[in-house]
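See structure below.
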Amino acid sequence: MRLKHYCFLRWLAHLIVMVGMIAGCSTPAPQDGAMDGAGAAAVNEPYRLAAGDVISIRVYGEDDLTRDRIRLTESGSLTLPFGYLDARGKTIAELQQAITEGLRGRFLVNPRVSVNIEEYRPFFIQGQVERPGGYPYQPGLNVRKAVSLAGGFKERASLTKIYAVREKGGGNKPVLVNLNSVVAPGDTIIVEESFF
């Protein structure tokens, strides 16, 4: 009985040592749940308008002041009854407030304004995907979903060499990302080729 117990303990000790050796030799892969700093920041920041976004402006009870499907240009300015208004870099709440203040007094006593995003500006994906190109951004988009929109990975795609060039705060420098990293509007995702 003691011999069986001793053999079992010895076998268990060898197993623990081998598992430790295997774990120590492996190189850490990018964590699927992890996000790079710029991606994490994109989740926590409110959405800011930029060229390519399509918005609609509703002024309740005033159909002649309502504007449907306005695509923001590079200048980002909107022509409204009270003049030009720059929408670039503003959140929806900031734009609603600016329009409300512009209409108050000269046009309406107590304007009620609603601004909605009808279509987000695109993100771009290139490299080892079936259909590289620009695609409309969707809230909650990550690299895995972006690759799916582009038809999936090609056979030679590397799952560990995926980079993002961030539109905001990235300085056009590619950042290593993983499949669960956040994709923001205007970002470019690059899927490298695997050589193994």
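Each value in this text was obtained by applying a stated rule to the coordinates, not by laboratory testing. The model shown is predicted, which means the values in this text are computed figures rather than measured ones. In this analysis, Cβ positions are derived from the backbone assuming ideal geometry, glycine residues included, and neighbour counts consider all displayed protein chains.
Descriptive notes on the structure:
- In a fully extended conformation the segment linking Gln97 and Tyr60 would gain 11.9 nm over its present Cα-Cα distance, using 0.36 nm per residue.
- For Lys154, the aspartates and glutamates whose Cα falls under 14 Å of its own Cα, not counting residues fewer than eight places away in the same chain, are Glu130, Glu192, Glu193.
- Highest to lowest packing among 134-143, 180-189, scored as the average C-beta count within 10 Å: 180-189, 134-143
- Here's the list of aspartates and glutamates a cross-link from Lys90 could span, going by alpha-carbon distance under 17 Å and ignoring same-chain residues fewer than 8 apart: Glu45, Asp53, Glu74, Glu101, Glu118, Glu119, Glu167.
- Burial ordering of Leu49, Leu65, Leu159, fewest other beta-carbon atoms within 10 Å first: Leu159, Leu65, Leu49
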